[in-house]
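Inspection log for the structure reproduced underneath, given as structure tokens.
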Amino acid sequence: MAHIHKEFLIESAADNVWAAVRDVSEIHRRLAPGFVTDTRLEADTRVVTFANGIVVHELLVDIDDEVRRVAYAVVGGSLAPKHHHASMQVFADGKDHSRFVWITDVTPDDLAGPVAEMVAQGALVIKQTLETRATPGN
């Protein structure tokens, strides 16, 4: 099983970052605009459309406000892993900064490269989006 771990700092308070992450139906607007082009909820499943045309159905496993963590699993769509589980968690790093941790486990192993590339691209967009919106006047 491939394990993808992406961790990065965001120049925005943890509560602000968490508000965008936990808004699971608005990631195309609040978290990763342009990288994700549409998000919709169907019961406990989130349907996510990416700019590259991939559409995934993600079972929302957990949204934990206390530890600022969202967990989800790809269960359908155009990406067809045998197993996929991921989590995004936000930690305070001082008053005005956050540490964002994104962990993904996926099989088969040949999906590791494409999924890692999507995580890396998504992380860049997330960081840019949340830091831009954290600046005064935005």
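Structure data summary
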| quantity | calculated |
| --- | --- |
| Matching residues, the range 18-49, being over 21 Å from residue 97 (Cα atoms) and among the acidic types (Asp, Glu) | 26, 38, 42, 44 |
| When residues of the range 103-122 are limited to those that are polar (S, T, N, Q) and closer than 17 Å to residue 76 by Cβ, the one modelled with the lowest pLDDT | 107 |
| Residue list for the range 88-102, restricted to those being surrounded by fewer than 17 Cβ atoms within 10 Å (Cβ to Cβ) and under 12 Å from the mean Cα position of the chain (by Cα) | 101 |
| Condition check for residue 108: farther than 16 Å from residue 18 by Cα, in contact with a helix residue (DSSP H, G or I) (Cβ under 6 Å, 6 or more places away or on another chain) and either in contact (Cβ under 8 Å) with a residue 24 or more places away in the chain or surrounded by 13 or more Cβ atoms within 10 Å (Cβ to Cβ) (or both) | no |
| Verdict on residue 56 being more than 24 Å from residue 99 (Cα to Cα), assigned to a strand (DSSP E or B) and within 14 Å of the chain's Cα centre (by Cα) | yes |
| Any chance residue 30 is part of a strand (DSSP E or B), open to solvent by 20 Å² or more (accessible area, probe 1.4 Å) and out of contact with any Leu (no Cβ under 7 Å at 6 or more places or on another chain) | no |
| Residues of the range 111-138 satisfying the condition of being touching a residue at least 40 places away in the same chain (Cβ under 8 Å) and open to solvent by 70 Å² or more (accessible area, probe 1.4 Å) | 121, 133 |
| Conditions (1) free of Cβ contacts under 8 Å to residues at least 24 places away in the same chain; (2) farther than 15 Å from residue 102 by Cβ; (3) crowded, with 16+ Cβ neighbours inside 10 Å; number of the one not met by residue 12 | (1) |
| Yes/no for residue 90 being in contact with a Phe, Trp or Tyr (Cβ under 7 Å, 6 or more places away or on another chain), of a type outside the set (Gly, Ala, Ser) and either in a strand (DSSP E or B) or without any contact (Cβ under 8 Å) to a residue 40 or more places away in the chain (or both) | yes |
| Residues located in the range 42-87, provided they are farther than 24 Å from residue 14 by Cα, open to solvent by 60 Å² or more (accessible area, probe 1.4 Å) and out of contact with any strand residue (DSSP E or B) (no Cβ under 7 Å at 6 or more places or on another chain) | 42, 43, 52, 80 |
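Residue by residue, here is whether (1) in a strand (DSSP E or B); (2) closer than 16 Å to residue 123 by Cα; (3) not polar (S, T, N, Q) holds:
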site	(1), (2), (3)
4	yes, yes, yes
9	yes, yes, yes
15	no, no, yes
19	no, no, yes
25	no, no, no
39	yes, no, no
60	yes, no, yes
74	yes, no, yes
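The values are calculated or read from the model by the stated rules, or taken from the named source; none is laboratory data. If you're wondering where the values come from, they're calculated on a predicted model, not measured in any experiment. Don't worry about glycine lacking a Cβ; one is built from the backbone with ideal geometry, like all the others, and counts go over all protein chains shown. Side chains included, ligands, DNA and RNA excluded: accessible areas come from the protein's heavy atoms. Shrake-Rupley method; radii C 1.70, N 1.55, O 1.52, S 1.80 Å.
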